[in-house]
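These notes are about the structure you will find just below.
The values are calculated or read from the model by the stated rules, or taken from the named source; none is laboratory data. What you see is a predicted model, and the numbers here were worked out from it, not measured in a lab. With ideal geometry, Cβ positions are generated from the backbone for all residues, glycine too; neighbour counts draw on all protein chains shown.
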């Protein structure tokens, strides 16, 4: 080969070999950083095989057999390796494992090599046809697996199309005997170089895209972790609050239960046995600690003192006022009359200077067949006569501890056998009826008419049954207290 032809071929061959070898080295380095991505290995093998084929093609054209005997045989093996490397790389873009037809291509190229040993000049055409078949297969597989190749697949498609076009040109030149001429540069080398560059760009872009996606996923994971930590922290805080609230409710419940037990202890454990009379009482509170109160005591003179009270409000404050009332009632037997007792209670309550400490109270004193009654802001005392008639004994007074000083008076009742006296708080009349409106004192008076006469039934049972019948929604909206006295 003359010097001018050699110089014409040297530059393009040098470019092809240098670019292909550089790409092979570059992707081997990328493989070292990411051993999981085997596509870089297959591409490096493809680029290295292509660089070797180009170099051997150049050496053959300048009569390199003189320097390197058997270069034609080496070139055929290099071309076979190039075809197999191209097939393996194309399939690696679509799946991790090579399909079965890859091994068909392997067997085919080995068969072509073996069959053309006697006639090496026949190797080019079948090898070229097989290369075009591999290229077409890769293109079809790429179209089928377009989504797997992502949006950058068109880059590989362009390179493959250029390689197929130049491969057809090369095949045509080989058929007409022009492919090996020293003055004709092989077009498949330019197509192969275009395919290598396109594939390298594709791998680089997919690597960059994968990295960006990983960064986005990392940001999402961090955000989700932050949200999860925030939710977990909030859940822990809520759990702490819930436990503190439970502990606080338990503490308050214990305190209310203790206050309730104390209030119940303030009530008489047993009502006194009064000759000639039946005495019964019941109380139902609206809350744990109620504001109602009833009591009974017998003086040294034999007089029986009865009381029914109602502290303003409910809860612990009302319960405290009931405790005060219990202490005051303990000395009621020292008083001369119910009115005097109320006057004494009012003065004592004012002397304590408690804010908004108001107590409604009815006090009665039974001596023989006479009952003296005085009231401070309480509902009327109801009297059911043996004949069935119901009388109301009402007082126009304010509760104990009211801002204005009060003057209390006594009212006397003469009780005959069968008469029944009911001392009650307003909670009984304020119970809701079927239509939701308060029952009222007329309804309570009607209930008293049905009270059993002496000898017809227990007064205690009737009192309890009456309250249970009227209180349809435990707890009731207000404390309910009833103290009944029946003459035998």
Take the conditions farther than 16 Å from residue 406 by Cβ and without any contact (Cβ under 8 Å) to a residue 60 or more places away in the chain and apply them to residue 297. Does it pass? yes
Of the residues 371, 342, 382, which is in contact (Cβ under 8 Å) with a residue 12 or more places away in the chain and more than 22 Å from residue 277 (Cα to Cα)? 342
Condition check: touching a residue at least 12 places away in the same chain (Cβ under 8 Å) and either outside any helix (DSSP H, G or I) or in the same structural domain as residue 274 (by TED's automatic domain parsing) (or both). Does residue 417 satisfy that? yes
Of (1) farther than 28 Å from residue 355 by Cα; (2) out of contact with any strand residue (DSSP E or B) (no Cβ under 9 Å at 6 or more places or on another chain), residue 464 satisfies all except one. Which? (2)
Do we find that residue 198 is modelled with pLDDT under 80, within 30 Å of residue 156 (Cα to Cα) and in a helix (DSSP H, G or I) in this structure? no
Would you point out the residue of the range 133-156, among those that are buried (at least 18 other Cβ atoms within 10 Å of the Cβ) and not in a loop (DSSP other than H, G, I, E, B), that is modelled with the highest pLDDT? 134
Matching option when the condition is modelled with pLDDT of 85 or more and either surrounded by 10 or more Cβ atoms within 10 Å (Cβ to Cβ) or farther than 30 Å from residue 294 by Cα (or both), among 251, 211, 260, 236: 236
Could you please let me know if residue 440 is more than 57 Å from the chain's Cα centre (by Cα), at pLDDT below 90, over 20 Å from residue 291 (Cα atoms) and surrounded by fewer than 24 Cβ atoms within 10 Å (Cβ to Cβ)? no
So which pairs qualify, if the first residue must be in the range 436-447 and assigned by TED's automatic domain parsing to the domain that holds residue 388 and closer than 14 Å to residue 469 by Cα, the second must be modelled with pLDDT of 85 or more and part of a helix (DSSP H, G or I), the Cβ gap must be under 7 Å, and the two must be at least 6 apart or on different chains? none
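One line per residue, one yes/no per condition, for (1) at pLDDT 85 or above; (2) buried (at least 17 other Cβ atoms within 10 Å of the Cβ):
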| position | (1), (2) |
| --- | --- |
| 1 | no, no |
| 5 | no, no |
| 25 | yes, no |
| 39 | no, yes |
